[in-house]
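Written below as structure tokens is the structure these notes are about.
The numbers here are math on the coordinates, done by the rules we state, and not lab data. Fair warning: this is a prediction, and the values are worked out from it, not measured in the lab. So basically every Cβ, Gly included, is an ideal-geometry build from the backbone, and we count neighbours across all protein chains shown.
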Amino acid sequence: MIAYSTTLRPLFWIVMGLLYALMIAGAPVWADDIGLQMTWWKWLLGAIWFCLLSMGIAAGFTLMGEKEPRAGYYIAGLSVVIMIILGIGLWLLL
């Protein structure tokens, strides 16, 4: 039960928040490095895509943690497939 300890649970969310903050702060630098001409609506579409991907994966793993592994695999798998298709479309749009 060490995974549910009072020390590791907040530490996990702190690390996740730091990773999200670093990705958000580094996105403009990344876009400049690869030569993307980003406008506000492209940033908005990218942010929406990333939020949907995060929520789909979180929903799948939440169901797995709630002792519903079959539904979790379906949700996680379906959301990843949909996000890959939408991500390819977004990349072509950028």
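Report, in degrees rounded to the nearest 10, the 0 to 90 angle that the Cα long axis of helix 8-34 makes with the longest principal axis of the chain.
For 8-34 against the chain, the angle is about 10 degrees.
In degrees between 0 and 90, to the nearest 10, how far off the longest principal axis of the chain does helix 40-65 point, with axes built from Cα atoms?
Here the helix axis deviates by roughly 20 degrees.
For volume of the Cα convex hull per residue in Å³, pick the label among (1) 179; (2) 104; (3) 232 that corresponds to the value derived from the coordinates.
(2)
Given points 7 Å out from each Cα along the Cα-Cβ axis, report the T6 to W43 separation in nanometres with one decimal.
4.1 nm
Using a 7 Å offset from the Cα along the Cα-to-Cβ direction at both S54 and V15, what is the distance between the two label points in nm, to one decimal?
1.7 nm
When ranked by the protection proxy of mean other Cβ atoms within 10 Å per residue, highest first, what sequence do the peptides 46-54, 24-32 form?
Listed from highest to lowest mean packing, they are 46-54, 24-32.
Can you work out the FRET efficiency for the pair I24 and I84, with r the C-beta to C-beta distance and R0 = 30 Å, to the nearest 0.05?
In this case the efficiency is close to 0.90.
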